[in-house]
Amino acid sequence: MTSHFESESNKAITRQEFARQTRADESVCDSLEQYAVILKKWQKRFNLVGASTLNDLWNRHFLDSAQLFPLISDTAGVIVDLGSGAGFPGLVLSIMGANNIHLVESDANKTEFLRQVIRETKAPATLHRTRIESYDGPKANIVTSRACAPLVELLDYASAVCSMNARFLFLKGRNWQAELTESRTVWHLDHYCHPSRTNPDGIILEINEFKRR
């Protein structure tokens, strides 16, 4: 697994630009192209993503998810993606080559969508149709999430699915500072904020250690 990623400004991009920035090979990009076709088809019936993002999938969803890839090593262990929704970031990471990814999603329509994408792209992800509180799969060495819940709640969820010494990689938007401040009233956090490569107001929040106050 390569771990190279170039920083770029926030802009709409093409498949070719995605490949250039992430160094994804043709097979990965072909699978993401299939993903995009399926997503646009399902979006006509179900609200899987914001309608305004459909013409910018390669940046808003694929690149946004892929920016976590360099932070995941070849020996990461079990990766659990909380509230996978339309598959971001977990399913994209699986397609890119991250191993042992478990997608946790309770919504019936979203899980059927994810199942079709997994089947057609042959992504090696495992899908769990369940609420996060009821997840009974393997404990996570890495927990990922995007737009699942406010950080203080997300840490509660994550603490129930992770193993000892787990790492958390959360994509957070413009309210990340307020969420972090609120979380510090409940949790002691050893964290690092990576700038988002797709959202000038967002971050990748990496948490390496946490405990309840």
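Here, each number is a calculation from the coordinates, and none is a lab measurement. Note that this is a predicted model, so its numbers are computed, not measured. Cβ: placed from backbone, ideal geometry, glycine included. Neighbour counts: every protein chain shown.
Which whole-number percent is the relative contact order of the chain (Cα, under 8 Å, 6+ apart)?
Once divided by the residue count of the chain, the mean separation gives 19 percent.
Given Gly83, Gly97, Ser73, which one lies farthest toward the positive end of the charge dipole of the chain, if we put +1 on the Cβ of every Lys and Arg and -1 on the Cβ of every Asp and Glu?
Sorting the options by dipole projection puts first Gly83.
Taking the Cα centroid of segment 37-71 and of segment 167-213, what is the distance between the two, rounded to the nearest whole Å?
The two parts, judged by their Cα centres, are 23 Å apart.
Quick one: angle between helix 26-43 and the longest Cα principal axis of the chain, in degrees between 0 and 90, rounded to 10, please.
So the helix axis and the longest Cα principal axis differ by about 90 degrees.
If you take every residue apart from Gly97 with its C-beta less than 13 Å away from the C-beta of Gly97, what net charge results, scoring Lys and Arg +1 and Asp and Glu -1?
Once all neighbours under 13 Å are counted, the net charge is 0.
Structure shown: which of Lys40/Lys139; Lys110/Lys211; Lys11/Lys122; Lys110/Lys172; Lys41/Lys139 lie over 23 Å apart, alpha-carbon to alpha-carbon?
Result: Lys40/Lys139; Lys110/Lys211; Lys11/Lys122; Lys41/Lys139 exceed 23 Å.
List the trypsin sites (Lys or Arg not before Pro) within segment 71-136 that fall in a DSSP loop (any state other than H, G, I, E or B) and whose Cβ has at most 15 other Cβ atoms within 10 Å.
Numbers: sites: Lys110, Arg115, Arg119, Lys122, Arg129, Arg131; in loops: Lys122, Arg131.
Passing sites in segment 71-136 are Lys122, Arg131.
Would you grab the residues whose amide H sits under 5 Å from the one on Trp187? Only those 5+ places off in sequence or on another chain, please, with H modelled 1.01 Å from N.
Amide H neighbours of Trp187, under 5 Å, 5+ apart: Arg213.
For a test of the definition: using alpha carbon positions, the gyration tensor, and the 1.5 limit on a/c, classify segment 79-140 as rounded, prolate or oblate.
Since a/c reaches 1.5 but b/c is at least a/b, the shape of segment 79-140 is classed as oblate.
First select every other residue whose beta carbon is under 14 angstrom from the beta carbon of Ser65; then total the charges, Lys and Arg +1, Asp and Glu -1.
Net of charged neighbours comes to +1.
Against the longest alpha carbon principal axis of the chain, how many degrees, from 0 to 90 and to the nearest 10, is the axis of helix 151-161 turned?
Approximately 90 degrees, to the nearest 10.
Can you tally the net charge around His128? Count Lys and Arg as +1, Asp and Glu as -1, for every other residue whose Cβ sits under 9 Å from the Cβ of His128.
Details: positive: Arg129; negative: Glu105, Asp136.
Around His128, the surrounding residues sum to -1.
To the nearest whole percent, what portion of all C-alpha pairs in the chain is separated by more than 23 angstrom?
Summing the P(r) tail past 23 Å for the chain gives 42 percent.
Have a look at Pro124, Phe210, Thr111 and report the one farthest towards the positive end of the charge dipole of segment 15-212, computed about the Cα centre with Cβ charges (Lys/Arg +1, Asp/Glu -1).
Farthest along the dipole direction, towards plus: Thr111.
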